[in-house]
Amino acid sequence: MDTLQNLQRKLEGAEDIKSIVRTMKAMAASNIGQYEMAVSSLGDYYRVVALGIIAYFREEKFDAINAMKEPKKNNENVICAIVFGSDQGLVGQFNDSLAEFVSQSLHALPGKKEIWAVGDRIQLLLSDVGFANTEHFFVPNSVDAITSLVGQILIKSQDSLEKGNLKEFYIFHNQHKSGTGYEPVLQQFLPLDENWRNKLEEFHWPTKTTPQVAGGFKPTLSALIREYLFVTLFKACAESLACENSSRLAAMQRAEKNIDELLNDLSQNFNHLRQSTIDEELFDVISGFEAMKNERK
């Protein structure tokens, strides 16, 4: 049976944990704001870049994009999956659901697969189901750190394409869904083929004025493609980090609710036990008084 001292220690411990949970909750809420703002800004920039590429396609043949740099031939179809996971805990099923989605999606694609994992936890989960992790990247801890990560991935992907080691790149990450929560999504990153162009055609030119392309063929197209690839990776990483912090915030809210319920139960038990102790002491005093009174008589 708990004593008053034990209950007091439990109450103090629960209050300390609640203070930590509140701090982590505030940090998660703050991080969500910066990542969601980055995603919103990138959405507008992505549209501008896409419109620039559409304007280019109106004046140049699409086949010319494949003539910019022909990769070395490799008969084996090798697919690379760039997976944005999480390195920290308290995120619920963030990594588990994503790993399951990646596994199901890659099994449906023909050819050999390689994994470029962003985060230790997602790397271990995918290794457990039999996928080879050939590249590992650290998860950025701020919006500013995303740029460095994107640069590393772009350099490695370009090098792999030029050497003919990899032919297709896909991006996997968690994305906010309508309402609450998140869901894993997949998008083709490379190569930039006819399917990619058809997807860009969803962005319609906003005016009736015919756009004009300034500059030569290669400089213009190269600049647009570089920005498109950069923004695609940056946006995927920012969305993943926003979902991670959103998942952590939800976990902290559940933890805070459970701690409040625990504190309520402990407080009730403490008050009940304290009142029982006071009643016992009063009964002892009254009993002693009655005994002394009878002795005097």
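Nothing in this text is a laboratory measurement; each read-out follows from the coordinates by a stated rule. As the structure is a computational prediction, the values presented were derived from the model and not from experiment. Using ideal geometry, Cβ is built from the backbone for each residue, glycine included, and neighbour counts are taken over all protein chains shown.
Could you grab the relative contact order for the range 162-212? Cα pairs under 8 Å, six or more apart, rounded to a whole percent.
Computed over the range 162-212, the figure is 29 percent.
If each of PHE138 and LYS177 carries a label point 7 Å out from its Cα toward its Cβ, how far apart are those two points in nm?
In this crude label model, PHE138 to LYS177 measures out at 3.3 nm.
Pairs of alpha-carbon atoms within less than 8 angstrom and 6+ residues apart define the contacts here; what relative contact order does the chain have, in percent?
Across the chain, relative contact order equals 31 percent.
Pull up all non-local amide H partners of GLU168: gap of 5 or more, or a different chain, and H-to-H distance under 5 Å with H placed in the peptide plane.
VAL78, CYS80
Exceeding 29 Å between C-alpha atoms, which entries from my cross-link table qualify? They are LYS25/LYS199; LYS113/LYS199; LYS177/LYS208; LYS156/LYS218; LYS112/LYS199.
From LYS25/LYS199; LYS113/LYS199; LYS177/LYS208; LYS156/LYS218; LYS112/LYS199, over 29 Å: LYS25/LYS199; LYS177/LYS208.
May I ask you to give the average projected area over all directions of the convex hull of the Cα atoms of the chain, in nm² rounded to one decimal?
Quarter of the Cα hull surface area: 22.4 nm².
What percent antiparallel are the DSSP beta bridges of the chain, to the nearest 5? Kindly include the intermediate steps, with their values, before the conclusion.
Working: 8 of 24 bridges.
Percentage antiparallel, nearest 5: 35.
Based on the mean of other beta carbon atoms within 10 Å per residue, what is the order of 258-270, 238-250, most packed first?
238-250, 258-270
Enter the per residue convex hull volume of the range 80-221, computed from alpha-carbon coordinates, in Å³ rounded to the nearest integer.
172
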